[in-house]
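The values are calculated or read from the model by the stated rules, or taken from the named source; none is laboratory data. Everything numeric in this text was worked out from a predicted model, so none of it was measured. Because the Cβ atoms are built from the backbone with ideal geometry, glycine has one as well, and the counts that use them run over all protein chains shown. Heavy atoms of the whole protein, side chains included, go into the accessibility calculation; ligands, DNA and RNA do not. Shrake-Rupley method; radii C 1.70, N 1.55, O 1.52, S 1.80 Å.
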Amino acid sequence: MALTAANNTRLSRRLLWGVILLYILPGLFARAPWKPDDAIGFGQGFYFATHGIQHWSFSQIGDRLFTEEGLLGAWLSGGLGKLALLVNLPWRWLDDAMRLGNAVWLILAGWAIWNTAYRLARRVELQPEDPLGTAPTRVDYARSVADASVLCLLATLGLLVRSHMQGAELPELAGLSILLLGYVRSLDRPIGAGWMIGWGLAIAYFARGWSHALPFLLVLMLNSSSHNSLRFGQLRRMMRAALVFGVAFGLWFFWLLSNQQGQAWWDGWNHWNANRFLLLDPEKSLDKNTLINTVKTASWFLWPILPMSAWTVWRYRGAFREPALRIPFAAAAAGVLVVCITNPSEEANYFPLLAPLSVLAALGLSTMRRGLTSLIDWFAVICFTFGAVLVWLGWSAATFGYPAQLARNFERLSPGYIPGVVGLELAMALLASYAWVRLIIWRTSAGPRALWRPMILSSGGITLIWFLLMTLWIPRINYAKTFQPLGEAIADFVPPDTNGKISCIEDYNLGFAQRATLQYHSLRKFVNVDHNAKSKRCTFLLLQDDTDVHLVSKSILEADNPLGWQLIWAGNRNSDRRERFYLYTRH
């Protein structure tokens, strides 16, 4: 791509952050927590929102310890939930308020990735070739690359759904992005960058544990030790990073062990972190099938930044010794290592690759031929336009019954759903579709060929598809994913206590996702029957079972029933015929 000072137009800061908000906000509101991961993440934050700060040192869902994932994302969502309760927002809006934390983490990750790309692209060794003296200034070029890096992140397919779910992935992405930025800052501030490295490490650790943060940090440290310019000041840099992380960890660890269940949670959390490594879990192995699945998952999850980053690596293959290139290359290698040594079948394990690959993809844009960037553009136009047409056809089938075959498919997926037309959502979807057409016309018209222009269609197209889904399909998706009707049905059978306290229900074989959402929607307290001696005071018991295993838990409970449990209600979500729930009361 021929880049000159004349055609190197900047992307407005307001427009860039507006694109991020347009990407993240749809899908955060007007829906219930979805099964399973979103519901589990909500359950963690819900516990913090409804309990005092003295209970925040470890994670629980109800009265059961939850020793997976991390704490940082749940702390933020719990704090937002407390704020929502403080200002007396309606109870049904509590989960919406808690999901606002996702926007905070994505903006923080976008800020770190933008600054990482900006600092790298401003360096002399990464300036584009300029035999005629018409290239933009280093600052203008760096800003264009930085804008493109954020658009590359938003264009990544794997980020889309999980960025709208409550979980540990977005906080971890923010922490690893700041960690990468800290190492890039060490090129200019070899010692002072240690503070930022420490903050990034602390955020990543508290977001999701040490199974991702530790390999990422070790690879970057090894990379710094292998080059003279990066080795300068490394000891003092890492001392500052260790100080930041050590203070944060020490305060939290003392707080954790001061709680009665702190040691049990700490042991369980470390066990979960260790078991994520393939070498430490004999049930997992990196065999041929796993490698094939890894390639398949990476191919779609990291599209389009994976092939674009591969182009950058090939284009700069002779400049690997340059410090500015070694750092993002090492970070990408660290992400690959994380995927290989943990479970490659889990999409969340690919998140450490997003920041370095987004930066690498943006750095290679100026070296791409015009034909290659046109191929990226037309691929985005064809795929996302086709996807938008499918979304509209699906909405037409679900609402009006045409096309008939699609309508029957929707009925099988969500039986019993009664469709309706909401004028505001329909108007917004039409406006988004019109904006997509205008974007295609603008991108394909003759005009200044800014560096970030090849990514505007990919990021805009994926935002369009998500926006259409969250306006046209959100009622049906919510109907298929939510536990709200079950929670309300349980509340009808389990009245509040006469003294005004919330009634308790013993749970039997109830998963974390089900426990979190049913407790929220029913306003009833669930007590772990296996580990809580006080559970005998509960009048009701809720059992979860599955028809695929022939309702074995139900059979066991009813065969050995010394407390005289009597079945009073049975139900399931209309979209899930296998998962069954049974409510019992004492005889």
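Numerical summary
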quantity	calculated
Exclusive hit being of a type in the set (Gly, Ala, Ser), open to solvent by less than 40 Å² (accessible area, probe 1.4 Å) and at pLDDT below 85, set Ala274, Ala319	Ala319
Lone qualifier among Val139, Val150, Val184 - being surrounded by fewer than 24 Cβ atoms within 10 Å (Cβ to Cβ) and outside any loop (DSSP other than H, G, I, E, B)	Val139
Qualifying positions in region 28-39 - open to solvent by 40 Å² or more (accessible area, probe 1.4 Å) and either touching a helix residue (DSSP H, G or I) at 6+ places or on another chain (Cβ under 6 Å) or among the aliphatic types (A, V, I, L, M) (or both)	Phe29, Ala30, Lys35, Pro36
Gly246, sole failed condition from (1) in a helix (DSSP H, G or I); (2) more than 30 Å from Pro128 (Cβ to Cβ); (3) in contact (Cβ under 8 Å) with a residue 40 or more places away in the chain; (4) among the small types (Gly, Ala, Ser)	(3)
Close pairs (7 angstrom Cβ cut-off, 6 or more residues apart or separate chains): of a type in the set (Val, Ile, Thr) in region 394-407, at pLDDT below 85 and open to solvent by 30 Å² or more (accessible area, probe 1.4 Å) anywhere	Thr399/Pro419; Thr399/Val421
Among the residues listed as Leu469, Leu542, the single one being modelled with pLDDT of 90 or more, of a type in the set (A, V, I, L, M, F, W, C) and within 29 Å of the chain's Cα centre (by Cα)	Leu469
Filter pass, Val295 being β-branched (Val, Ile, Thr) and at pLDDT 95 or above	no
Residue that is nearest to Arg321 (Cα to Cα) [pool: residues in region 231-254 that are in contact with a Gly (Cβ under 8 Å, 6 or more places away or on another chain) and open to solvent by 80 Å² or more (accessible area, probe 1.4 Å)]	Arg236
Qualifying residue in region 200-221 (condition: polar (S, T, N, Q), open to solvent by less than 40 Å² (accessible area, probe 1.4 Å) and touching a residue at least 60 places away in the same chain (Cβ under 8 Å))	yes
Candidates Leu126, Leu160, filtered to the one that is open to solvent by less than 40 Å² (accessible area, probe 1.4 Å), within 18 Å of Asn349 (Cβ to Cβ) and touching a residue at least 12 places away in the same chain (Cβ under 8 Å)	Leu160
Lone qualifier among Pro356, Pro328, Pro344, Pro352 - being within 30 Å of Thr116 (Cα to Cα), open to solvent by less than 20 Å² (accessible area, probe 1.4 Å) and not in a helix (DSSP H, G or I)	Pro344
Subset tally (residues that are in contact with a Gly (Cβ under 6 Å, 6 or more places away or on another chain) and more than 17 Å from Leu468 (Cα to Cα)) for region 407-445	1
Test: residue in region 96-115 that is at pLDDT below 95 and of a type in the set (Phe, Trp, Tyr)	no
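Yes/no per residue for (1) more than 29 Å from Ala319 (Cβ to Cβ); (2) modelled with pLDDT of 95 or more:
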{"position": "Leu176", "(1), (2)": "no, yes"}
{"position": "Asp188", "(1), (2)": "no, no"}
{"position": "Ala202", "(1), (2)": "yes, yes"}
{"position": "Phe206", "(1), (2)": "yes, yes"}
{"position": "Ala213", "(1), (2)": "no, no"}
{"position": "Leu217", "(1), (2)": "no, no"}
{"position": "Leu220", "(1), (2)": "no, no"}
{"position": "Ser224", "(1), (2)": "no, no"}
{"position": "Ser229", "(1), (2)": "no, no"}
